[in-house]
Amino acid sequence: MKRIMVTGALGQIGSELIVKLREKYGSDSVLAVDYRVPDKDYAGLFELADVRDREALDRLVTKYKIDTIYHLAAILSAKGESNPQLAFETNILGLYNVLEVGLKHRIERIIVPSSIAVFGPDAPKENTPVEVALQPTTMYGITKVTGELLGNYYYHRFGLDVRGVRLPGIISSETLPGGGTTDYAVEMFYAAVKGEPYVCFVRADTVLPMMYMPDCIKALIQLAEADGSNLRYRCNYNVTAMSFSAGELADAIREFIPDFVCEFKPDHRQKIADAWPRSLDDSAAREDWGWQPDYDLKSMTKDMIDKLRKKLHPSK
Ligand code: NAD
Ligand code: AKB
């Protein structure tokens, strides 16, 4: 029986990853951990812990005999720029604690998502390769580069099986995003389905790589289960599904909700978006562990709108 712990389990990705892992491995095999108190109707194993507290993590790994950790607890790009010290402590010290506890208990596998935020403004914008100089200009990006390097180090130095993908912006209907630069893509859908206008915080011509949540969950679990001997990289696989501009997203939504009104008023987050790639080369993930996304802009837009209509207007 697998014994999986997911940190940051109440977040945008964690809340949906937990459901999939529980379907796959059984409810009793998956422990959700976060430092926020869940809703009172939260179902399944849950423990409160701060990833900056190594002893707390150690206690949980011992108590539940954990063999696999999906480490998702983090502070994302926009929130990280408003509190860089918190981003450093959470993302770097939190990961260091997870790796040290993993090493102490000889955990079988640790999965740590990285991000397109590892790339800086000097990296090629189109079809950005895995191996390129990483010179991020945000604290979030700096913590993500450090996370990749630490994961690689623990693998090569200690044989700890750490793996990770560089995720693009993730779009989902279940849990709102937690303070990133790509949040506009999710917020646009919510506004459109509520029948409200939306003021987008990046320019209409801002293009970023994106992915729908079912593909994100698929990528994380597929990499976790991949044959390690096929992996050329450990913590820095590029993965992507689609690239579109903020204006193209508004147009795609208008195919289903024709009267949706979207204005574009860039704020401080424009600079972060401008420093990131417009598209990624994810051929290594496709070759090494069979990565293949299921959703494109059109199929994602339809599914997002169907799901949000049911969630926000259940009686219609
Ligand atoms: P999120 O902000 O939605 O959720 C993070 C969760 O971590 C929250 O529930 C928060 O309460 C928890 N958390 C924060 N600090 C903590 C601490 N000290 N101790 C315990 N829990 C803590 O983030 P997400 O979007 O679910 O991202 C998960 C991972 O995926 C992160 O590593 C992020 O960098 C990466 N990622 C996300 C995206 C995206 O678009 N969502 C894109 C690229 C990479
Ligand atoms: C963010 O915008 O910070 C995240 C990410 C791409 O890492 N969504």
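Each reported figure results from applying straightforward, stated rules to the coordinates on display, with no laboratory input. All figures in this text were calculated on a predicted structure; none of them were measured in a lab. Note: ideal-geometry Cβ built from the backbone for every residue, glycine included; neighbour counts use all protein chains shown.
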Yes/no for VAL33 being in a loop (DSSP other than H, G, I, E, B) and crowded, with 23+ Cβ neighbours inside 10 Å: no
Looking only at the stretch 236-279, count every residue that is in a strand (DSSP E or B) and buried (at least 16 other Cβ atoms within 10 Å of the Cβ) and tell me the total. 8
Residue match in the stretch 81-104 (condition: more than 15 Å from the chain's Cα centre (by Cα), charged (D, E, K, R), within 16 Å of ligand 2 (Cβ to nearest atom) and more than 21 Å from VAL239 (Cα to Cα)): yes
For the stretch 149-165, does any single residue satisfy the condition of being of a type in the set (S, T, N, Q) and away from ligand 2 (no atom under 16 Å from the Cβ)? yes
Residue check, VAL239 under 30 Å from PRO266 (Cβ atoms), touching a strand residue (DSSP E or B) at 6+ places or on another chain (Cβ under 7 Å), within 16 Å of ligand 2 (Cβ to nearest atom) and among the β-branched types (Val, Ile, Thr): yes
So is GLU174 of a type outside the set (Lys, Arg), surrounded by fewer than 23 Cβ atoms within 10 Å (Cβ to Cβ) and without any contact (Cβ under 8 Å) to a residue 40 or more places away in the chain or not? no
Being in contact with a Pro (Cβ under 9 Å, 6 or more places away or on another chain) and closer than 27 Å to ARG22 by Cβ is the filter; apply it to the stretch 76-116 and report the residue that is surrounded by the fewest Cβ atoms within 10 Å (Cβ to Cβ). LEU76
Take ARG232 and decide whether it is basic (Lys, Arg) and within 23 Å of MET188 (Cα to Cα). no
Where a residue in the stretch 134-147 is basic (Lys, Arg) and its partner, wherever it lies, is away from ligand 2 (no atom under 13 Å from the Cβ), with Cβ under 9 Å and at least six apart: LYS144/LEU134
Out of LYS63, LYS2, report the one residue that is farther than 22 Å from PHE158 by Cα, surrounded by fewer than 18 Cβ atoms within 10 Å (Cβ to Cβ), more than 19 Å from the chain's Cα centre (by Cα) and in contact (Cβ under 8 Å) with a residue 40 or more places away in the chain. LYS2
In the stretch 201-216, residues that are surrounded by fewer than 24 Cβ atoms within 10 Å (Cβ to Cβ), aliphatic (A, V, I, L, M) and in a loop (DSSP other than H, G, I, E, B) total 1
Does any residue of the stretch 232-241 turn out to be under 18 Å from the mean Cα position of the chain (by Cα), under 30 Å from TYR154 (Cα atoms) and among the charged types (D, E, K, R)? yes
State whether one or more residues within the stretch 282-294 are touching a Pro at 6+ places or on another chain (Cβ under 7 Å) and under 23 Å from GLU174 (Cβ atoms). yes
I'm told TYR184 meets every condition in (1) within 18 Å of ASN236 (Cβ to Cβ); (2) within 11 Å of ligand 2 (Cβ to nearest atom); (3) aromatic (Phe, Trp, Tyr) except one. Can you identify the failing condition by its number? (1)
